[in-house]
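For reference, the structure discussed in these notes is given below.
Bear in mind that the values in this text are calculations on the coordinates, not laboratory data. If you're wondering where the values come from, they're calculated on a predicted model, not measured in any experiment. Note that we place each Cβ from the backbone using ideal geometry, even for glycine, and neighbour counts take in every protein chain shown.
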Amino acid sequence: MPAPVAFRALPGLPEVEPGADLPRLIRTALRAADIELQPRDVLVVAQKIISKAEGRQRRLAEVTPSPAAIELAMTVRKDPRFVELVLAESSAVVRAVPDILITRHRSGFVMANAGIDRSNLPNAEDTVLLLPLDCDASAQALRAAFAPIDVGVIVSDSFGRPWRQGTVNVALGVAGFPAMLDQRGTVDRHGRVMQTTQIALGDAVAAGAGLVMGETTEGTPVVHVRGLDFSAPLTDGQSLVRATAEDLFR
């Protein structure tokens, strides 16, 4: 019987400001929760506090929309300045209809508004938050800050999914953890060789952490996870992004 996996949200983190020392804040929250980090623990960290610490906030008042952004804004019925930021963060527009703008983020994620968000921000009418410049690099930097303890780090965000209602937490950046569990070539209980099975382990852990992290007023953007299996090769968040050439719905 596999050991149980424990997810525990860390309460008490303050509002994160640009330049904040996230490792120090997380260590303080761990001590307050009476948790001593152990090798192979995982920290799931909400993208929002990573972006805040990295200074990825933008004021709409300082954005000048391009003609392309103004034209697209008329279609999607959004602020042209907001659309300008979305286009700057994107490599392609996937879908643009009234009230909906889906793009391919420069990191490969296909998501609404290039991941740009206003929730849980002061002055949200004028301030928006962009994704980190490199979610895997952000995860790796946070992991390094906890050395020599060998922990995994997942940078998570809530995602909508095609043909499914609602959102679920997924892994945008991963360090020190097998984000993808490739079971191709193994056999099932009846000896059949698995041909295509790949388990998005990073997304599964992020989704589990989302259950205790919350999305609104909880104020617990970091989740400590213990009991996960690290036996697969380590892979980063980019291993979870399907290549454009494999997109069957383009």
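By the compact-protein rule of thumb, 2.2 N^0.38 Å, the alpha-carbon radius of gyration of segment 54-104 corresponds to a ratio of 1.09.
Subtracting the Cα-Cα distance of residue 189 and residue 147 from their residue separation scaled by 0.36 nm leaves 11.2 nm. Over all other residues within a Cβ to Cβ distance under 12 Å of residue 36, the charged ones net out to +1, with Lys and Arg as +1 and Asp and Glu as -1. The mean sequence separation of alpha-carbon pairs under 8 Å and at least six residues apart, normalised by the residue count of segment 64-131, gives a relative contact order of 20 percent. Full extension of the chain between residue 62 and residue 126 gives 22.1 nm of extra length, using 0.36 nm per residue less the Cα-Cα distance. Exposed loop sites here mean GluC sites (Glu not before Pro) with a DSSP loop assignment and at most 13 other beta-carbon atoms within 10 Å; the chain contains its longest site-free run at 126-214. Amide H to amide H distances under 5 Å link residue 105 with 91, 110, 111, where only residues 5 or more positions off or on other chains count and H is placed in the peptide plane.
Let me have the relative contact order for the chain, percent, based on Cα pairs under 8 Å that are six or more residues apart. The partial results should precede the final answer.
Details: 479 pairs, mean separation 62.4, N = 250.
Relative CO of the chain lands at 25 percent.
A straight line joining the Cα centroids of segment 98-152 and segment 57-84 runs 19 Å. Applying both filters, DSSP loop and at most 13 other Cβ atoms within 10 Å, to the chymotrypsin sites (Phe, Trp or Tyr not before Pro) of segment 138-210 gives 163.
Within the shell defined by Cβ-Cβ distances under 13 Å, the residues around residue 77 carry a net charge of -2, with Lys and Arg each +1 and Asp and Glu each -1. Fully extending the segment from residue 199 to residue 164 would add 10.7 nm, taking 0.36 nm per residue of separation and subtracting the current Cα-Cα distance.
How high is the FRET efficiency from residue 106 to residue 230, r the C-beta distance, R0 45 Å, rounded to 0.05? Calculated value: 0.90.
Less than 5 angstrom separates the built amide H of residue 182 from those of 199, all sequence-distant by 5 or more or on a different chain.
Think of it as helices only: each DSSP H run of n ≥ 4 in the chain is worth -39500 (n - 2.57), and spread over all residues that comes to -7000 deg cm²/dmol at 222 nm.
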